[in-house]
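The values are calculated or read from the model by the stated rules, or taken from the named source; none is laboratory data. As the structure is a computational prediction, the values presented were derived from the model and not from experiment. When we count neighbours, we look across all protein chains shown, and the Cβ atoms used for this are built from the backbone with ideal geometry, even at glycine. SASA here: full protein model, heavy atoms, side chains in, ligands and nucleic acids out. Shrake-Rupley method; radii C 1.70, N 1.55, O 1.52, S 1.80 Å.
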Amino acid sequence: MDWNITAGRPVYVQLIEQLELALVTGEFPPGSRIPPVRELAASAGVNPNTMQRALQDLESRGLLQAQRTAGRTVTANDDILQALRRKRAATLARDFLQQMHALGMTPAEVEALLRETEASEKE
């Protein structure tokens, strides 16, 4: 997993966001084992306690499950993962639409732009 931790925002919040993205994109598939806290912390270059805090947040929301002897696994509940995926997509869409509005684009112009961009991506 490639980590991108920047200054100016709490590290554990950035860890949560990046772990969520790994869950919804299938980098950690449903039911799969998550690497141990120390291993994740070392790869992200953060304190293990900070990584533990991020993992506990995901666990409290049902995204991860703790197994006493087997560590943590990703939930096998696809509904939970799809709800997170939809929430993250809605946030991206809202941010995009705010930026397009700031540029003075109408909804029809935004729709046309998206269709043109999609068509050019397929080429």
Self-check item: Search result, residues across segment 79-92 that are open to solvent by 80 Å² or more (accessible area, probe 1.4 Å) and either in contact with a Gly (Cβ under 9 Å, 6 or more places away or on another chain) or touching a residue at least 24 places away in the same chain (Cβ under 8 Å) (or both)
Solution: ARG85
Exercise. Could you please give the count of residues in segment 1-58 that are in contact with a Phe, Trp or Tyr (Cβ under 8 Å, 6 or more places away or on another chain), part of a helix (DSSP H, G or I) and either modelled with pLDDT under 95 or of a type outside the set (A, V, I, L, M) (or both)?
Key: 5
Quiz item: Taking segment 1-21 as the region of interest, how many residues are aliphatic (A, V, I, L, M) and either within 11 Å of LEU81 (Cα to Cα) or buried (at least 18 other Cβ atoms within 10 Å of the Cβ) (or both)?
Solution: 5
Quiz item: Does any residue in segment 104-123 that is in contact (Cβ under 8 Å) with a residue 12 or more places away in the chain come within less than 6 Å, Cβ to Cβ, of a residue that is among the aliphatic types (A, V, I, L, M) six or more places away or on a different chain, and which pairs are these?
Solution: VAL110/MET100
Quiz item: Hey, does segment 93-113 have a residue that's at positive phi and open to solvent by less than 60 Å² (accessible area, probe 1.4 Å)?
Solution: yes
Exercise. Considering only segment 73-94, state which residues are farther than 11 Å from GLY31 by Cα and not in a helix (DSSP H, G or I).
Key: none
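When you look at GLN65, is it part of a helix (DSSP H, G or I) and of a type outside the set (Lys, Arg), yes or no? Explain how you work it out, then say what you get.
Working: part of a helix (DSSP H, G or I): no; of a type outside the set (Lys, Arg): yes.
Spelling it out, it is not the case that GLN65 is part of a helix (DSSP H, G or I) and of a type outside the set (Lys, Arg).
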Practice problem: Kindly indicate whether any position in segment 31-52 is in contact with a strand residue (DSSP E or B) (Cβ under 8 Å, 6 or more places away or on another chain) and acidic (Asp, Glu). | Solution: no
